[in-house]
Amino acid sequence: MSNEQRPGLYLHVPFCRSKCFYCDFYSVASSAAIPAWLHAVRREVLLYREKSHDFDSLYLGGGTPSILEERDLAGLIECILEHFTFCADTEMTMEANPESLTEHKLRSIKNLGVNRISLGIQSLDDRELKYLGRIHSSKDALNSLAMVRSCGFANIGVDLIYGFEIQTLQGWKKTLDRILEFRPEHISCYQMSFERGTPLWKMRQAGRARSVGERLESAFFIWTSRYLERKGYLHYEISNFAAGPEFMSRHNRKYWTHVPYLGLGPSAHSRLGGRACPGGKRWWNVKSIRKYCQLLEEGKAPVEGSEVLTEEQFELERLALGFRTSEGVDIHALRSGPGTDKAVAQMLESGLVKVKGGRLRPTRRGFLVADSLPLMFCG
Amino acid sequence: MQHIRNFSIIAHIDHGKSTLADRLIQHAGLIEARQFRDQFLDNMDLERERGITIKSQTVVLSYKSKSGEVYQLNLIDTPGHADFSYEVSRAMASCEGVLLLVDASQGVQAQTIANLYAAMEHNLTIIPVINKIDLPSADIEMVKEQIEHDLGLDPDNAILCSAKEGTGIEDIFEAIVSQIPAPSGDAGKPFTALIFDAHYDPYRGAIASCRVFDGTVKPGDTLLFMSTGAAHKVEEVGLFRFSREPQKELSAGSVGYVIAGIKTVADIRIGDTMTLESNPASSPLSGFKDVKPVVFSSIYPISSDDYPSLVDSLEKYKLNDAALVYQKDSSAALGQGFRCGFLGLLHLEIVQERLEREFDQSIIMTAPSVQYKFTLLDGTTLTVENPQYYPDPTNIKSSAEPFIKATIIIPERYMGTVMKLCLERRGSNPRVAYPTPARVEMTFDMPLAEVVFDFYDRLKSVTQGYGSFDYELIEYREGDLVKLDILVNSERVDALSLIVHRDRARDWGVQVCDRLKEEIPRHNFKIAIQGAIGGKIISRSTITPFRKDVTAKCYGGDISRKRKLLEKQKKGKARMKMVGQVMIPQGAFVAVLKSRDDD
């Protein structure tokens, strides 16, 4: 099995101290169900144990994994390591938030093999943090970042949000500059988006929040890409920057390249490839801690739905995901024909892609319209 | 036969024709109240929505008169729009009399007069009915005065009625039986019947609606269609009540239907005379006019795979709409389709909507055109109703376009705006008459081409609904006619080309470019739209690209969601027409010619 094809293992920790206004990931702002959930996760681990693979990434995401007590965290990781096989150089990531991350937790998980921390900082402006519904201060965030580094983590990712109405470009630069002082190995810069069902979505419906508009969003995006590339980061996916190829998120890249992954925990998605179904099979867990625990209690897989991709669907996804990365799309893998030639010519002419190494690679302006690029090859 | 009356209701649009028909049906007890839906005769959804009658429907009413005798009244409903004058003429040829309905507050309108003339041409008995007398704005004396002076009818004969409230209905029934003559005809002569309508029943095939003039027809007879010579064995004859009601026979004077195992559409010609093979009539009945389409447009399936299904739908549709003519056509931009001739713009829109709704077709219609005539240098003449066939301009000696006499009746205060509108549309030779003190009748000579696009809508809009419009073709007149091409990102879209008068070319060019800018969604690249005559660009507009549509995150759970959205967009794209990389929505091809109210 080539390194590129090794599967990844994801565990969703659906608990947060409080819900951020923009977030649509599944989590609850209560710790009451943690013991039952921990129990259920162990059952789910056992359910898939027999089909264990040679994983090369483990990702504890959420939610807020750092909210768990030190012994629970350690117990979970030990359980996973016991029942699944991982390669020697596995990338083990844990997401963390400043308000719940402690030095003890950090040292304990580091001893178990966690070698990458993805820290949810979002902003270093207290007014902005409040707007986003974050419960930590900028000072907490900076302290956490320093702490992670001092605990010896050599691969740190920082999550930031930008392009929202109370933020200026100068304010955004100030946040980035302070983050850059720490030289994190990875920075995710997410443009603010209004996701259905979130408090921000409702605020926008009620006219109390608005987007900054397409033009400003584009300006922020292009500036950010240029600035971080000038600072030595690779803009390797729409929202992701790495200090070097070795620091690209190994786990997340599996999502974009159709490499198999197993997702544990409520709302987690899994994908299997293989010869049996060339388009791949995907399934997803129930989006309810209660149902998740109940199904596992009954000895059933906590799966809510699944899909097997047709070749056509697979092709559409491959294009959609490809154009979100700097790798782009293999030009020879495109269906040949006059339609494709015209689409490529149009994309080149309007500066949305460049051809390099036999691949169509999106430019910055191409990244900005990546959602519409695959459609240019349809019909 | 002495107890049969065949009549029709004619009126200007919105003067209450369908409401009156409903009331007559209800009064005659044909339909139980619980079965009754308002505007029974307008039973197509489209008709209900638009409040107009498109297809004629026929119904038999039983009426017991004050003298105690029972009459069979055949009500033949007629369409109420200028586009459908052919259908009106077919209905009238089957009648002996009409109710001429006039709105008590609006008075005599252009269509009232046109309908009156048509009824007179068929020598029908005309009973004026003043409707909507319940309205606070009703002015009965004014309308009576108009009936006398504009229509030349005896106002003392006019029946006052409120179809909505049911007043005057009894008077109308009495007038029908006493004033309209019984049909004449001889049951002993060879069978002759006029087909005035036809519709398709999936179980019975083509069903002909007819008026029997002489003789008798019954199941088992062999019908002969006089124009085609085709013979068909009669399976069933009957009357239209709430539904079809089979009879032993249909004889002289009656109005009913004939089912004769006619499977193919082409076998029924509206306007044809039916006779019997065993004892044929010596000559067909007269009185029907030829259908003359005046507006032409092409229909294409959105997906070329749907062409066979469009062929089939058009054939079936044609059975119910004798006025539509069509032949094969093809376009570089839109593929294989049909060039169709329509009675007018409303007719065109109705065909489009019915093909989509009733036949589930996804179609594109191109800009409407009239029929132009070109004389070439070598002396040959060409008739062109499709801009694709506009001749090489260096070979053209002269060109001509159809002109109409447009008649517009309006309250006096709108004279200025209507004059301006008509002059903008190349109207000439304006004449003004004052049929009644407060109203003006304006007539213009106008090119038909300037009227077919959206003239009626514009007139309605500038006169706040008070303007009424009627027209008749007068002649072809010479004019400098050029072809306006539309280029989208430098690619010529043949389906958007127009033949226009040189003086108006720039106006149209600007309008089409501006409207396309509104109709075509933004893409992720810049789109240039240009209007050109020959190689010369005369108008342009630009659609700026959208800059951003990308979503910030795309992890495990986001991927399926994103793909589903893409699949949906892909389906939406399949409903668009591609010109190069540009997606053009289907509606754009006709919308380009409609000016907006705020223009």
Within the stretch A:348-379, track down each residue that is more than 8 Å from chain B (Cβ to nearest Cβ) and either closer than 24 Å to B:K571 by Cα or open to solvent by less than 10 Å² (accessible area, probe 1.4 Å) (or both).
A:V353, A:L360, A:G366, A:F377
I'm told B:I302 meets every condition in (1) surrounded by 22 or more Cβ atoms within 10 Å (Cβ to Cβ); (2) touching a residue at least 40 places away in the same chain (Cβ under 8 Å) except one. Can you identify the failing condition by its number?
(1)
If you take the residues of the stretch A:163-216 that are within 14 Å of chain B (Cβ to nearest Cβ), touching a helix residue (DSSP H, G or I) at 6+ places or on another chain (Cβ under 8 Å) and not hydrophobic (A, V, I, L, M, F, W, C), which of them is surrounded by the fewest Cβ atoms within 10 Å (Cβ to Cβ)?
A:E195
If we scan the stretch B:548-565, do we find a residue that is open to solvent by 60 Å² or more (accessible area, probe 1.4 Å) and more than 14 Å from chain A (Cβ to nearest Cβ)?
no
Would you say A:L296 is at pLDDT 95 or above, more than 14 Å from every other protein chain (Cβ to nearest Cβ) and crowded, with 21+ Cβ neighbours inside 10 Å?
yes
Filter the stretch B:505-531 for residues that are closer than 26 Å to B:E478 by Cβ and surrounded by 19 or more Cβ atoms within 10 Å (Cβ to Cβ); the one that is farthest from the other protein chains (Cβ to nearest Cβ) is B:A505
Which condition number does B:G185 fail, the rest of (1) open to solvent by less than 50 Å² (accessible area, probe 1.4 Å); (2) outside any loop (DSSP other than H, G, I, E, B) being met?
(2)
Taking the stretch B:83-115 and keeping residues modelled with pLDDT under 85, closer than 19 Å to B:S468 by Cα and not in a loop (DSSP other than H, G, I, E, B) leaves B:D83, B:F84, B:S85, B:V88, B:A110, B:Q111, B:T112, B:I113, B:A114, B:N115
Starting from residues that are open to solvent by 40 Å² or more (accessible area, probe 1.4 Å) and closer than 21 Å to B:V512 by Cα, keep the ones in the stretch B:353-389 and report whichever is modelled with the lowest pLDDT.
B:Q388
Consider the stretch A:237-252. How many of its residues are more than 11 Å from chain B (Cβ to nearest Cβ) and assigned to a helix (DSSP H, G or I)?
4
Quick check on my filter: what residues within the stretch B:466-481 are assigned to a loop (DSSP other than H, G, I, E, B), under 19 Å from B:S399 (Cα atoms) and open to solvent by less than 60 Å² (accessible area, probe 1.4 Å)?
B:G479
Among residues belonging to the stretch B:198-215 that are open to solvent by 10 Å² or more (accessible area, probe 1.4 Å) and among the charged types (D, E, K, R), point out the one that is nearest to B:Y63 (Cα to Cα).
B:D214
Among (1) more than 12 Å from chain A (Cβ to nearest Cβ); (2) within 24 Å of A:F323 (Cα to Cα); (3) of a type in the set (V, I, T), the one test that B:V582 misses:
(1)
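What is the residue count in the stretch B:334-344 for residues that are under 13 Å from B:V452 (Cα atoms) and buried (at least 24 other Cβ atoms within 10 Å of the Cβ)?
Adding up the residues that qualify gives 2.
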Quick check on B:V325: is it in contact with a strand residue (DSSP E or B) (Cβ under 7 Å, 6 or more places away or on another chain) and open to solvent by 50 Å² or more (accessible area, probe 1.4 Å)?
yes
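In the stretch B:243-286, what count of residues is obtained for those that are part of a strand (DSSP E or B), among the hydroxyl-bearing types (S, T, Y) and open to solvent by 10 Å² or more (accessible area, probe 1.4 Å)?
Of the residues in the stretch B:243-286, the ones part of a strand (DSSP E or B) are B:244-247, B:250-251, B:255-262, B:273-276.
From what is left, the residues that are among the hydroxyl-bearing types (S, T, Y) are B:251, B:257, B:273, B:275.
Then drop every residue that is not open to solvent by 10 Å² or more (accessible area, probe 1.4 Å), which leaves B:251.
Of the residues in the stretch B:243-286, 1 are part of a strand (DSSP E or B), among the hydroxyl-bearing types (S, T, Y) and open to solvent by 10 Å² or more (accessible area, probe 1.4 Å).
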Kindly indicate whether B:K536 is more than 8 Å from chain A (Cβ to nearest Cβ) and over 22 Å from B:K594 (Cα atoms).
yes
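Condition check ((1) in a loop (DSSP other than H, G, I, E, B); (2) open to solvent by 10 Å² or more (accessible area, probe 1.4 Å); (3) over 20 Å from A:F182 (Cβ atoms); (4) touching an Asp or Glu at 6+ places or on another chain (Cβ under 7 Å)) across all residues:
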position	(1), (2), (3), (4)
A:L81	no, yes, yes, no
A:E95	no, yes, no, no
A:K110	no, yes, no, no
A:K130	no, yes, yes, no
A:K139	no, yes, no, no
A:M147	no, yes, no, yes
If I go through the stretch B:155-180 residue by residue, how many of them are touching a strand residue (DSSP E or B) at 6+ places or on another chain (Cβ under 7 Å) and either open to solvent by 60 Å² or more (accessible area, probe 1.4 Å) or β-branched (V, I, T) (or both)?
9
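Please report, ordered by residue number, the strands (runs of 3 or more DSSP E) entirely within the stretch B:374-465 with at least 2 residues that are of a type in the set (S, T, N, Q).
Working: elements: B:381-384, B:396-411, B:428-436, B:439-447.
Result: B:381-384, B:396-411, B:428-436.
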Verdict on B:E441 being surrounded by fewer than 16 Cβ atoms within 10 Å (Cβ to Cβ), in contact with a strand residue (DSSP E or B) (Cβ under 7 Å, 6 or more places away or on another chain), in contact (Cβ under 8 Å) with a residue 12 or more places away in the chain and within 28 Å of B:Q464 (Cβ to Cβ):
no
Of all residues being among the aliphatic types (A, V, I, L, M) and more than 9 Å from chain B (Cβ to nearest Cβ) in the stretch A:304-334, which is surrounded by the most Cβ atoms within 10 Å (Cβ to Cβ)? Just the residue, please.
A:V329
Do the conditions hold for A:A32, that is, is it in a loop (DSSP other than H, G, I, E, B), aliphatic (A, V, I, L, M) and over 15 Å from the mean Cα position of the chain (by Cα)?
yes
Take the conditions of a type outside the set (F, W, Y), within 14 Å of another protein chain (Cβ to nearest Cβ) and within 22 Å of the chain's Cα centre (by Cα) and apply them to A:V344. Does it pass?
no
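The values are calculated or read from the model by the stated rules, or taken from the named source; none is laboratory data. All values reported here derive from a predicted model rather than from experimental measurement. Reconstructed Cβ throughout: ideal geometry from the backbone, glycine too, with neighbour counts over all protein chains shown. Surface accessibility is based on the protein's heavy atoms, side chains included, excluding ligands, DNA and RNA. Shrake-Rupley method; radii C 1.70, N 1.55, O 1.52, S 1.80 Å.
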